[in-house]
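The values are calculated or read from the model by the stated rules, or taken from the named source; none is laboratory data. Since this is a predicted model, take the numbers as computed values, not measurements. Virtual Cβ from ideal backbone geometry, glycine too; neighbours counted across all protein chains shown.
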Amino acid sequence: MKLDSGVAFMKLYRVNKLAKRNGIVIKKKHILAHSDHEAVKRAEDSEDCPICDVLRDGKTVGQVL
């Protein structure tokens, strides 16, 4: 989605760091990204995220395992 000026909107994502796959959330952080793919890529690249869920609007859009 873009504004008339050509500036792209960024979406807000939550990255939940998990203790183990499908485990409890031990840390939460928010990131901004242009797309679901970009948000998951940023989570993968984070040292803080060996196992994480990436959510947009409360729905899981990706996982880092």
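Of all residues in segment 29-59, which are surrounded by 15 or more Cβ atoms within 10 Å (Cβ to Cβ), at pLDDT 95 or above and small (Gly, Ala, Ser)? Once the filter is applied, which keeps residues that are surrounded by 15 or more Cβ atoms within 10 Å (Cβ to Cβ), at pLDDT 95 or above and small (Gly, Ala, Ser), segment 29-59 yields Ala33, Ala39, Ala43. The residue that is nearest to Asn16 (Cα to Cα), among those in segment 34-65 that are assigned to a strand (DSSP E or B) and more than 8 Å from the chain's Cα centre (by Cα), is Cys52.
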